[in-house]
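A.B. asks: One structure, pasted below without further comment.
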Amino acid sequence: MAKKVEVSVTVNGKAYSAEVEPRMLLVHFLRETLNLTGTHIGCDTSQCGACTVMVNGEAVKSCTMLAVQAAGCQVTTVEGLGEVGNLHPIQQSFWEKHGLQCGFCTPGVMIASIGLLQQNPNPSEEEIRDALEGVICRCTGYQFIVEAVKHAAQLMAVDETETGNALQIGEGR
């Protein structure tokens with residue numbers, strides 16, 4: 001059995017520290033060690049994107065990263081986006097524009113969408129589709145997802161205009 005390694009990471013604004021096997025994937029650390037089950041395991045081969053989380057502000061498939069690689073990092077999962085009564089614009093938009101069906105891919109799609117919107121606050125439909133290429137949805141034709149991302153961009157632009165600040169992850173409306 002491999003010697004365990006201490007990993008300290010900040011997830012959704014809260015500091016965590018745990019001993020893990022060096023080969024433990026970040027997705028398993030989030031789900032099994034921290035009990036944050038919003039990050040889904042869809043394929044175990046980095047193809048589906050259901051496990052996408054933000055690591056230091058960048059969208060990452062958590063099945064491609066070891067937990068030890070996340071040591072010292074800021075990680076945001078879908079649980080860290082907003083809360084009931086104070087949804088993040090991406091959550092609000094997916095709800096309003098019906099951007100989900102079964103919901104399995106939705107956490108990864110939302111996180112990937114936020115990654116896009118942080119880099120490009122006003123993406124075209126083609127840019128949205130390109131950015132979401134790494135997240136597979138088996139239920140939709142992506143049209144409602146694209147509409148939800150466009151709507152989220154509008155909501156985030158309104159928030160920025162009203163407050164003078166770009167809405168960050170973890171901030172609801």
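The values are calculated or read from the model by the stated rules, or taken from the named source; none is laboratory data. Everything quoted here is computed from the prediction, not taken from an experiment. Here the Cβ is made from the backbone with ideal geometry for all residues, glycine too, and neighbour counts use every protein chain on show.
A.B. asks: Whether any residue in the stretch 70-78 is of a type in the set (Ser, Thr, Tyr), touching a residue at least 60 places away in the same chain (Cβ under 8 Å) and part of a helix (DSSP H, G or I) is what I want to check.
C.D. replies: no
A.B. asks: Taking the stretch 1-57, which residues are under 13 Å from the mean Cα position of the chain (by Cα), among the polar types (S, T, N, Q), surrounded by 15 or more Cβ atoms within 10 Å (Cβ to Cβ) and outside any strand (DSSP E or B)?
C.D. replies: Within the stretch 1-57, Asn12, Thr39 meet the criteria.
A.B. asks: For the stretch 95-154, which residues satisfy the criterion of being touching a Leu at 6+ places or on another chain (Cβ under 9 Å), within 20 Å of Met54 (Cα to Cα) and aromatic (Phe, Trp, Tyr)?
C.D. replies: none
A.B. asks: Answer with yes or no whether Val146 is touching a Lys or Arg at 6+ places or on another chain (Cβ under 9 Å) and of a type in the set (A, V, I, L, M).
C.D. replies: yes
A.B. asks: Contact list please: Cβ distance under 6 Å, first residue in the stretch 87-113 and assigned by TED's automatic domain parsing to the domain that holds Val146 and of a type in the set (A, V, I, L, M), second residue buried (at least 24 other Cβ atoms within 10 Å of the Cβ) and assigned to a loop (DSSP other than H, G, I, E, B), pairs at least six apart or on different chains.
C.D. replies: Val109/Val135; Ala112/Val135
A.B. asks: Moving to a separate point now. Yes or no: Glu19 touching a residue at least 24 places away in the same chain (Cβ under 8 Å) and farther than 23 Å from Gly103 by Cβ?
C.D. replies: Spelling it out, it is not the case that Glu19 is touching a residue at least 24 places away in the same chain (Cβ under 8 Å) and farther than 23 Å from Gly103 by Cβ.
A.B. asks: So which residues in the stretch 82-92 are small (Gly, Ala, Ser) and under 15 Å from the mean Cα position of the chain (by Cα), if there are any at all?
C.D. replies: The one that is small (Gly, Ala, Ser) and under 15 Å from the mean Cα position of the chain (by Cα): Gly82.
A.B. asks: Considering only residues that are assigned to a loop (DSSP other than H, G, I, E, B) and more than 18 Å from the chain's Cα centre (by Cα), which ones fall in the stretch 124-137?
C.D. replies: Ser124
A.B. asks: Mind checking which residues of the stretch 71-81 are of a type in the set (A, V, I, L, M) and within 15 Å of the chain's Cα centre (by Cα)?
C.D. replies: Within the stretch 71-81, Val75, Val78, Leu81 meet the criteria.
A.B. asks: Condition first: under 30 Å from Ala2 (Cα atoms), among the small types (Gly, Ala, Ser) and assigned to a loop (DSSP other than H, G, I, E, B). Can you find one or more residues in the stretch 81-98 that meet it?
C.D. replies: No, there is no match, as no residue in the stretch 81-98 is under 30 Å from Ala2 (Cα atoms), among the small types (Gly, Ala, Ser) and assigned to a loop (DSSP other than H, G, I, E, B).
A.B. asks: Going by what's in this entry, would Gly72 be described as surrounded by fewer than 14 Cβ atoms within 10 Å (Cβ to Cβ) and either closer than 25 Å to Glu32 by Cα or in contact with an Asp or Glu (Cβ under 9 Å, 6 or more places away or on another chain) (or both)?
C.D. replies: yes
A.B. asks: For Val60, state whether it is under 12 Å from the mean Cα position of the chain (by Cα), part of a strand (DSSP E or B), at pLDDT 95 or above and buried (at least 24 other Cβ atoms within 10 Å of the Cβ).
C.D. replies: It is false that Val60 is under 12 Å from the mean Cα position of the chain (by Cα), part of a strand (DSSP E or B), at pLDDT 95 or above and buried (at least 24 other Cβ atoms within 10 Å of the Cβ).
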